[in-house]
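The block underneath contains the structure these notes are about, expressed in structure tokens.
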């Protein structure tokens, strides 16, 4: 595969058009980190979705090696589902003294590492995020971090479950007034709330089943089944606890439907 320099040289030599060069630059360019990982460092350029380092099951040293590769290419890295031992090493390695900014979301277990001069591009997409209960907030916060890294404004309202269904109406009305393009609804237990929200609005709703609950529907199975079986049109469903997938999908929708 041609590297970026070769593609740009072709463009300068009039050997390809701007459109052809853009397609080549968006091709699947992979960065190898020793034998540890093959990183899709230009995924954001190609698809609009940031690549995230999934820290679970990785050693702190592996996480640092992968972060370094992202920082070299993209000036930022996002780590999800971090452990405290990993976070300790990340704090020691990247801080203001050596030119980095850390944005840590302890609820979501997500950290964004950026060079001091880097800023995510702002788009006009607006996303609403709702949770049924407080147990669903960590997954919602993961979705929020991803959506913000893709340039969206995010409006949140938490703990609005159907046990007190009257609580949903004012926050939902405010989100619609503010022009949200899509709403993410995170719910555990029986997972009813996303279908209720989808029945009340004329924009896409993304349901995220959360692994709370017990008995037959434990670990999010009950919530997932309810959302998949919902008769409310306009409801899309991601996998259990998949805040990343919900945030990325919502941002793609919002950034394409912006006014």
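Which count do you get for residues in region 1-37 that are modelled with pLDDT of 60 or more and either outside any helix (DSSP H, G or I) or assigned by TED's automatic domain parsing to the domain that holds residue 52 (or both)? Of the residues in region 1-37, 6 are modelled with pLDDT of 60 or more and either outside any helix (DSSP H, G or I) or assigned by TED's automatic domain parsing to the domain that holds residue 52 (or both).
Only residues that are within 21 Å of residue 134 (Cα to Cα) and surrounded by fewer than 20 Cβ atoms within 10 Å (Cβ to Cβ) were counted across region 214-224, and they come to 6.
Please work out which residue is nearest to the chain's Cα centre (by Cα), limiting yourself to region 72-88 and to residues that are closer than 21 Å to residue 142 by Cβ and part of a helix (DSSP H, G or I).
Going residue by residue through region 72-88, those that are closer than 21 Å to residue 142 by Cβ are 74, 76-88.
With the extra rule that they be part of a helix (DSSP H, G or I), the set shrinks to 74, 84-88.
Values: 74: 17, 84: 21, 85: 23, 86: 20, 87: 19, 88: 23 Å.
Looking at residues that are closer than 21 Å to residue 142 by Cβ and part of a helix (DSSP H, G or I), I get 74.
Here residue 160 clears all of (1) over 17 Å from residue 235 (Cβ atoms); (2) in contact with a strand residue (DSSP E or B) (Cβ under 7 Å, 6 or more places away or on another chain) except the condition numbered (1).
Residue by residue, here is whether (1) assigned by TED's automatic domain parsing to the domain that holds residue 205; (2) at pLDDT 95 or above holds:
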position	(1), (2)
89	no, yes
96	no, no
99	no, no
109	no, yes
133	yes, no
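Inspect region 151-163 for any residue being touching a residue at least 60 places away in the same chain (Cβ under 8 Å) and surrounded by 17 or more Cβ atoms within 10 Å (Cβ to Cβ) and give the result as yes or no. Yes, region 151-163 has at least one match.
The values are calculated or read from the model by the stated rules, or taken from the named source; none is laboratory data. These numbers come from a predicted model, not from an experiment. Cβ sites come from the backbone with ideal geometry, for glycine too, and all protein chains shown count toward neighbours.
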